[in-house]
Amino acid sequence: MPLDNNVRAGVSLLIAYALDPFFGRQDATTGRVNGTMAASRLFEDYYDLVEAARELDIHPQSLRRLIKQKKIPATMFAGKYLIERDKLEMFKANYDPRPGRKPIRRLL
């Protein structure tokens, strides 16, 4: 799955953190934190696996199974699944978390 711009920017932030030991730390002269505002805004449109499972009211392992079955689109980033909020909301509108086969609805 190709990475979208937000994930690419997140990769850039991780590389910046790896290369700059002071990334994300408070500057003594200005009092500002270096890079944390950009990182917090970057992932506000995404849920991680646990947050998304909580939103769907299912176990995280069940959500991981749905991702592997390609029922929910997710991106692997830094060893974690990231799920877009709007795509999760679309999935949640039609998802029935009850186990077993679901009855077929007939129009009659």
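Among the residues of the range 55-108, write down those that are at positive phi and of a type in the set (Phe, Trp, Tyr).
none
Pick out, from the range 2-108, the helices (runs of 4 or more DSSP H) lying fully within it that include 3 or more residues that are modelled with pLDDT of 70 or more and surrounded by 13 or more Cβ atoms within 10 Å (Cβ to Cβ).
The helices (runs of 4 or more DSSP H) meeting that bar are 49-56, 60-68, 85-94.
The values are calculated or read from the model by the stated rules, or taken from the named source; none is laboratory data. Quick caveat, the model's predicted, so the values are computed rather than measured. Glycine also receives a Cβ, built like all others from the backbone with ideal geometry; neighbour counts cover every protein chain displayed.
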